[in-house]
Amino acid sequence: MASSSLDTSWCETELATEVVGRSIRYYPRIDSTNEQALRLAEAGAAEGTVVVADTQTAGRGRRGRRWLDEPGQALLFSVLLRPACEQSQVPILSLGAAAACAESLTSSYSIPVVTKWPNDLLIADRKVGGILLEERGGAVVVGVGLNVNGRPEVLQAQVGAPLTTLEKHYGTPLRREEVLVGILEKIDVIYQQFQSGGLAEVVGRYRRFESVLGRNVYVHLGQEVICGTARAVNDCGALVLDTADGEREITAGEVELVAGSE
């Protein structure tokens, strides 16, 4: 499939938001949309600025991992926010962005996208996207990487993990501009809810798509591995596990499904 550049002027015309997308900065090729959004934040860019690229040379995921993309086929963007909240509440924005993606994709394309705490987007237990939240100097950047079109086997061979694309499940290539506008509009609505103090409501929106609840999981916390059943995502955004030693709240970690867990 031939790649094409994103038409961000069309996105700006179609976008109906209050904050998110006030300015869209497009780059055919960039090191990292998150890094560029952080640079723009330091330079005084307005809240709601969106950085979008066709490909990244140094895209990153959680825990220092590298994020790979098939040029011109993925949706790679970051949103600059300046939330008025306590530091402990900031991670809920990551859950909100994941909920926005899942809500938009399920409602607009009937693609069964679910979340895996804390930041993965899955279809049938295969990763289709992820969220990376970073902070610097009071600014919060929420980055989204989404495998929209292309061949999942191209990236899977490099990543060594089960991946998929929206196109594979939709049956035909999607217009990335339409996917972007739909997600940004959802992020905007959820961000307004967050800023108005509706943090529990934001987490509630996320909960509707969480795929690990009721399943047995391993949670990797550095060198420690906790085994338990994922019981809930509480109103603070923490994952609640039932373990052999009792209930435990996890605020950060890497979740791995136990093989055969349903």
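The values are calculated or read from the model by the stated rules, or taken from the named source; none is laboratory data. From a predicted model like this one, the values you see are computed outputs, not experimental measurements. Cβ: placed from backbone, ideal geometry, glycine included. Neighbour counts: every protein chain shown.
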Looking for something closer than 26 Å to CYS11 by Cα and of a type in the set (D, E, K, R) - is there at least one such residue anywhere in the stretch 201-220? yes
Strands (runs of 3 or more DSSP E) wholly in the stretch 165-262 with at least 1 residues that are touching a residue at least 60 places away in the same chain (Cβ under 8 Å) - which ones? 224-233, 239-243, 254-257
Taking ARG63, is it surrounded by fewer than 17 Cβ atoms within 10 Å (Cβ to Cβ), at pLDDT below 95 and within 15 Å of the chain's Cα centre (by Cα)? yes
Do you know which residues across the stretch 15-49 are exposed (fewer than 14 other Cβ atoms within 10 Å of the Cβ) and among the acidic types (Asp, Glu)? GLU18, GLU42
Selection status of ALA230, buried (at least 20 other Cβ atoms within 10 Å of the Cβ), among the hydrophobic types (A, V, I, L, M, F, W, C) and farther than 30 Å from THR13 by Cβ: yes
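Which of the residues belonging to the stretch 233-262 are within 19 Å of ALA200 (Cβ to Cβ) and surrounded by 16 or more Cβ atoms within 10 Å (Cβ to Cβ)? Lay out the reasoning, then the answer.
If we filter the stretch 233-262 for residues that are within 19 Å of ALA200 (Cβ to Cβ), which is where we start, we get 233-240, 249-251.
Scanning the stretch 233-262 gives VAL233, GLY237, ALA238, LEU239, VAL240, ILE250.
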Which one of these does CYS236 not meet: (1) touching a helix residue (DSSP H, G or I) at 6+ places or on another chain (Cβ under 9 Å); (2) modelled with pLDDT of 95 or more? (2)
If I filter the stretch 175-183 for residues that are of a type in the set (Lys, Arg), surrounded by fewer than 20 Cβ atoms within 10 Å (Cβ to Cβ) and either modelled with pLDDT under 95 or in contact with a strand residue (DSSP E or B) (Cβ under 9 Å, 6 or more places away or on another chain) (or both), do I get at least one hit? no
LEU213 fails exactly one of (1) buried (at least 17 other Cβ atoms within 10 Å of the Cβ); (2) under 20 Å from the mean Cα position of the chain (by Cα), namely (1)
Tell me, which residue of the stretch 121-132 that is modelled with pLDDT of 95 or more and under 12 Å from GLU210 (Cα atoms) is surrounded by the fewest Cβ atoms within 10 Å (Cβ to Cβ)? ILE123
